[in-house]
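K.L.:
Supplied in structure tokens, the structure appears directly below.
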Amino acid sequence: MRSSWPGHPVIKKDKSLSSCSRMVRKLACGLVLIACGLMLLKKTDVGVVLIFRKNSDVNVGITYVWTAVAKGAVCLDGSPPAYHLDKGFGAGRNRWLVHHEGGGWCSNMSTCLSRKDTRLGSSKKMEKLLPFIGILSSQRKFNPDFYNWNRVLVRYCDGASFTGDVEEVDPDTNLHFRGSRVFVAVMEELLAMGMKKAQDALLTGCSAGGLTVTLHCDQFRALLPRATKVKCVTDAAYFVNVKDISGARHIETYYNDVVKTHGSANNLPPSCTSKWKPGLCFFQQNMAKLVQTPLFVVNSAYDSWQIPNILAPDTADPDGRWHDCKFNLTKCSTDQLKTIQDFRLMFLDALKELGSSSSRGIFIDSCYEHDQITVQETWLSDDSPALDGTKLAMAVGDWYNDNYPFQKIDDCSYPCKNCPSFKHTL
């Protein structure tokens, strides 16, 4: 069992990093650290800037899947899907890691229209160069098991975790709900580029991208040769179907609307829709246990997206009594903390649905966090959260390499000493 790796980076603690962390959790995972890195360049000392640049180590250019347009496999605005690829080297030349970024969902025409002219709905608005960090890093000391693989970041631009497929396009909105086709088109291009000969393949994603992984994991497995070792990692996506503080199931209604708007029902795994209403398949407590391919679940029991959006959404808190608390746990009242502790217990209870198969990996910490595998400070750094002395990068690596099955849940309830000091705020 490994518990550390020599030479991993020192992440300095300072107030501006705490501010950046709050920004990270308000935006989509995977890309937000880039925006924070630019902010740190202006606001912090040179030492921190150099650390962020060193962690990102390479800017990876965007690739547009132009052949997808003729197939109708397009983003919300009709533009081609896109990805970033950093090619593997050495022993990793024939190994592939495909990561899906997050970014929430749109559940009706209004929210999808708002999304259409952003990077989450149009490849025209996407950044042309992105640094790769965390599980995407090309440096061994920051990413010891996957640094030399072909690492792909698939851009998220459909608003439904790549499940939609509506043929008709309303000329008044020009909204295209074609996420399911986009997933296939991107995979076909990667297969043609060499992934069809992969020795190893790992499908990963965070938040809405983590849901993409769970919903498409077995489909991804089926695209590759039987001889290929295939596994999946879903991060910050174990969304639970619980009542909010008003007693309503806001999140269930929301996911039902996403599925209806995007025409997702026919593109969800039949193993799930045969048991549940389609919208319920967005909850991993229902879906993850049905995945046949080995699956690793990464999450916080105090998920900093789920607490503000599932437990205490604005619709359930019209007076704003939870506003300060849900964005900074140190500002919660005793009663609010009790409600949050109860949410943790409901999350852990829902996690039991995953089962205990040795093919399942589990890393559940107790930090106020959302997205960990593409953030260097939580993936592998001096103060990364560790369970039984094992940091996340090591846990995922050892699980993938079949060194041992990793299934750990932090038994600490908030506040926990093994969390970085800024993991109390969103």
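The values are calculated or read from the model by the stated rules, or taken from the named source; none is laboratory data. Quick caveat, the model's predicted, so the values are computed rather than measured. Ideal geometry is used to build each Cβ from the backbone, glycine not excepted, and the neighbour counts take in all protein chains shown. Calculation scope for accessible area: heavy atoms of the full protein, side chains included, ligands and nucleic acids excluded. Shrake-Rupley method; radii C 1.70, N 1.55, O 1.52, S 1.80 Å.
K.L.:
With 303, 317 as the choices, which residue is under 19 Å from residue 240 (Cβ atoms), of a type in the set (Asp, Glu), surrounded by 14 or more Cβ atoms within 10 Å (Cβ to Cβ) and under 22 Å from the mean Cα position of the chain (by Cα)? Full working, then the answer.
P.N.:
Details: 317 fails: under 22 Å from the mean Cα position of the chain (by Cα).
Testing whether each residue is under 19 Å from residue 240 (Cβ atoms), of a type in the set (Asp, Glu), surrounded by 14 or more Cβ atoms within 10 Å (Cβ to Cβ) and under 22 Å from the mean Cα position of the chain (by Cα) leaves just 303.
K.L.:
Something else about it: Search region 76-88 for residues that are closer than 27 Å to residue 167 by Cα and assigned to a loop (DSSP other than H, G, I, E, B) and pair each with any residue that is modelled with pLDDT of 95 or more and polar (S, T, N, Q) when their beta-carbon atoms are under 7 Å apart and the residues are at least 6 apart or on different chains.
P.N.:
Qualifying pairs under 7 Å: 76/122; 77/122; 77/174; 78/174; 79/122; 79/123; 80/123; 81/123.
K.L.:
Exactly one of these conditions fails for residue 251: (1) surrounded by 18 or more Cβ atoms within 10 Å (Cβ to Cβ); (2) out of contact with any Asp or Glu (no Cβ under 8 Å at 6 or more places or on another chain). Give me its number.
P.N.:
Exception for residue 251: condition (2).
K.L.:
Restricting to region 329-362, name every residue that is more than 19 Å from residue 298 (Cα to Cα), open to solvent by 60 Å² or more (accessible area, probe 1.4 Å) and not hydroxyl-bearing (Ser, Thr, Tyr).
P.N.:
Those that are more than 19 Å from residue 298 (Cα to Cα), open to solvent by 60 Å² or more (accessible area, probe 1.4 Å) and not hydroxyl-bearing (Ser, Thr, Tyr): 331, 335, 338.
K.L.:
Determine whether residue 210 is part of a loop (DSSP other than H, G, I, E, B) and buried (at least 24 other Cβ atoms within 10 Å of the Cβ).
P.N.:
no
K.L.:
Residue 165: at pLDDT below 95 and either touching a Cys at 6+ places or on another chain (Cβ under 7 Å) or not in a helix (DSSP H, G or I) (or both), yes or no?
P.N.:
Against the criterion (at pLDDT below 95 and either touching a Cys at 6+ places or on another chain (Cβ under 7 Å) or not in a helix (DSSP H, G or I) (or both)), residue 165 does not qualify.
K.L.:
Still on this structure: Looking for whichever is open to solvent by 70 Å² or more (accessible area, probe 1.4 Å), at pLDDT 50 or above and either touching a helix residue (DSSP H, G or I) at 6+ places or on another chain (Cβ under 9 Å) or not in a strand (DSSP E or B) (or both) here; the options are 67, 111. Which one fits?
P.N.:
The conditions single out 67.
K.L.:
Also, quick follow-up: Filter the helices (runs of 4 or more DSSP H) completely within region 262-365 down to those with at least 1 residues that are within 30 Å of residue 110 (Cα to Cα). Walk me through how you get there before you give the answer.
P.N.:
Working: elements: 270-273, 284-287, 323-327, 334-351.
Passing ranges, in order: 270-273, 284-287, 323-327.
K.L.:
Hey, another quick one. Failed condition for residue 402, given (1) over 24 Å from residue 285 (Cα atoms); (2) open to solvent by 40 Å² or more (accessible area, probe 1.4 Å); (3) outside any loop (DSSP other than H, G, I, E, B), with all others met?
P.N.:
(3)
K.L.:
Turning to a different aspect of this structure: Within region 154-204, how many residues are touching a Phe, Trp or Tyr at 6+ places or on another chain (Cβ under 9 Å), open to solvent by less than 10 Å² (accessible area, probe 1.4 Å), closer than 25 Å to residue 116 by Cα and of a type in the set (Gly, Ala, Ser)?
P.N.:
Residues that pass the stated criteria total 5.
K.L.:
Oh, and also: Condition (residue is in contact with a Gly (Cβ under 7 Å, 6 or more places away or on another chain) and aliphatic (A, V, I, L, M)) applied to region 353-372: is it met by at least one residue?
P.N.:
Within region 353-372, not a single residue is in contact with a Gly (Cβ under 7 Å, 6 or more places away or on another chain) and aliphatic (A, V, I, L, M).
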